[in-house]
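Engineer: This is the structure, below, for whatever I ask next.
The values are calculated or read from the model by the stated rules, or taken from the named source; none is laboratory data. A quick note: this is a predicted structure, and the numbers were derived from the prediction, not measured. Positions of Cβ are backbone-derived with ideal geometry, glycine not excepted, and every protein chain shown enters the neighbour counts. Side chains included, ligands, DNA and RNA excluded: accessible areas come from the protein's heavy atoms. Shrake-Rupley method; radii C 1.70, N 1.55, O 1.52, S 1.80 Å.
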Amino acid sequence: MSMTPAVIPNVLANRYATKEMVAIFDPVNKIIAERKFWITILRLQKAGGLSITDSDITSYGQVVEKVDLASIEKRERANRHDVKARIEEFNSLAGLEKIHIGLTSRDLTENIELIAIKDGLNLVRRRTLETLFLLEKSITKYEKTYMVGRSHNVAAQVTTLGKRFATCAQELLFSLASLEELIAHLPLRGLKGPVGTGQDQIATLGSIKDLSKLEEKLAKEYGFENTLSSVGQIYPRSIDFEVVAKLLQIASAPSSMATTIRLMSGFGLVSEGFKSGQVGSSAMPHKMNARSSERINGMM
């Protein structure tokens, strides 16, 4: 059960994003992800010899999904610290104070951000593969559907509709390879503390070697092959730039295809047709907007 305080809706997410992508970055699901992360750390710290019992872990596990955003917000107004408010809420629900031992706030939030980014990228990868499958079907279906190819927006030579779909697929395949490379080398921040030395966790576990083993197991738990070895309080924001660049690259091929459809639609050469119940100016017989293509272009 969750109680959500009044928030301003994310118009772009509500209108354009899939339910699966919205769920990854949903405020309630983010709290749940943080709690599962804390529990994962508890299990690893228990294995490392800390005074943590199976009963402790079970107590936290039983209340993971009891998220009350209003209660957390109230705690934050009192203590003026977002992560501390979420720690207090989780401890109160479990009746314990065992989580966050040897951690700093960014040990939680920075790793959670990277985990969410990786989940989002994997969803994009899946959607890209589905798109390539659909393109392959169109390539085969329209392999011998001849049409006039245009250069500089004027008639040039004969081509096929299947060829146009193949061009989109070729670019998308190239982008997919780049996306998969990013997913493979995307790093977890690790438990490096407030200045990146890992001092608190080393003191908790006993040695740098113990911290390295814990981080290795943590990364494996979340499907990461790499953990940053030298980092400050936050992971490098250049990683965010690379993620955005890959998303732009993935969107480029579908957007190019959508632009072609919109141009052809303007000349009356193709149409997306009407959907049952469609109204508005785009539903007029003389004005059939390529609405799906417009939404694809919106990704850019």
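Engineer: Please give the per residue accessible area of region 68-138, computed with a probe of 1.4 Å over protein heavy atoms only, in Å².
Structural biologist: Values: 3480 Å² over 71 residues.
Here the residues of region 68-138 average 49 Å² of exposed surface.
Engineer: To the nearest 10 degrees, how steep is helix 238-266 against the longest Cα principal axis of the chain, on a 0 to 90 scale?
Structural biologist: So the helix axis and the longest Cα principal axis differ by about 20 degrees.
Engineer: Quantify, in whole percent, the carbon and sulfur part of the accessible surface of region 67-203 (1.4 Å probe; protein heavy atoms only).
Structural biologist: 54 percent
Engineer: Here's another thing I want to ask about it. May I ask you to give the average projected area over all directions of the convex hull of the Cα atoms of the chain, in nm² rounded to one decimal?
Structural biologist: Averaged projected area of the chain's Cα convex hull equals 20.1 nm².
Engineer: Further question on the same structure: List the trypsin sites (Lys or Arg not before Pro) within region 162-243 that DSSP assigns to loop and that have no more than 10 neighbouring Cβ atoms inside 10 Å.
Structural biologist: Arg237
Engineer: Using 0.36 nm per residue of separation minus the Cα-Cα distance, give me the extension gain between Lys217 and Lys74 in nm, one decimal.
Structural biologist: Going from the current span to full extension adds 48.0 nm.
Engineer: Residue by residue through region 272-279, which ³J(HN,Hα) values in whole Hz follow from phi under the Karplus form 6.51 cos²θ - 1.76 cosθ + 1.60 (θ = phi - 60°), with glycine and proline marked x?
Structural biologist: For region 272-279, the Karplus curve yields 7, x, 10, 9, 3, x, 5, 10 Hz.
Engineer: Have a look at Cys168, Val148, Gln201 and report the one farthest towards the positive end of the charge dipole of region 130-203, computed about the Cα centre with Cβ charges (Lys/Arg +1, Asp/Glu -1).
Structural biologist: Checking the options against the dipole of region 130-203, the answer is Val148.
Engineer: Stick to the Cα atoms of region 197-236, pair each with every other, and give me the Kirkwood hydrodynamic radius in Å at one decimal.
Structural biologist: Kirkwood radius, region 197-236: 10.8 Å.
Engineer: Considering only Cα-Cα distances, which of the following residue pairs are longer than 26 Å: Lys19/Lys84; Lys30/Lys192; Lys30/Lys84; Lys84/Lys246; Lys36/Lys84; Lys137/Lys220?
Structural biologist: Lys19/Lys84; Lys84/Lys246; Lys137/Lys220
Engineer: Here's another thing I want to ask about it. Taking 0.36 nm per residue of sequence separation and subtracting the Cα-Cα distance, how much length would be gained by fully extending the chain between Lys163 and Tyr146, in nm to one decimal?
Structural biologist: Length gained between Lys163 and Tyr146: 5.2 nm.
Engineer: Also, quick follow-up: Relative to the longest principal Cα axis of the chain, at what angle does helix 105-141 sit, 0 to 90 degrees, rounded to 10?
Structural biologist: Value to nearest ten degrees: 20.
Engineer: What number comes out for accessible area per residue over region 171-284 if the probe is 1.4 Å? Units Å², please.
Structural biologist: 55 Å²
Engineer: Right, next: Mind putting together the pair-distance distribution for region 193-300? All Cα pairs, 5 Å bins, whole percent per bin, short to long.
Structural biologist: 2, 10, 12, 12, 10, 6, 6, 6, 6, 7, 7, 6, 5, 2, 1
Engineer: Is region 1-129 rounded, prolate or oblate when judged by the Cα gyration tensor, a ≥ b ≥ c being the square roots of its eigenvalues, rounded requiring a/c under 1.5 and prolate requiring a/b larger than b/c? Show your work: numbers first, answer last.
Structural biologist: Values: a/c = 2.16, a/b = 1.39, b/c = 1.56.
Oblate, because a/c is 1.5 or more while a/b does not exceed b/c.
Engineer: Using only the Cα atoms of region 127-267, build the gyration tensor, take square roots of its eigenvalues as a ≥ b ≥ c, and label the shape rounded, prolate or oblate: rounded if a/c is under 1.5, else prolate if a/b is larger than b/c, else oblate.
Structural biologist: Verdict is prolate for region 127-267.
Engineer: Would you mind estimating how fast region 163-211 diffuses translationally, via Stokes-Einstein at 37 °C and 0.692 mPa s with the Kirkwood radius over Cα pairs, in µm²/s?
Structural biologist: 232 µm²/s
Engineer: In Å², what does the accessible area per residue of region 21-63 work out to with a 1.4 Å probe?
Structural biologist: 45 Å²
Engineer: Just subtract the alpha-carbon distance of Ser230 and Lys46 from 0.36 nm times their residue separation and send over the number in nm, one decimal.
Structural biologist: Result for the pair: 63.7 nm of gain on full extension.
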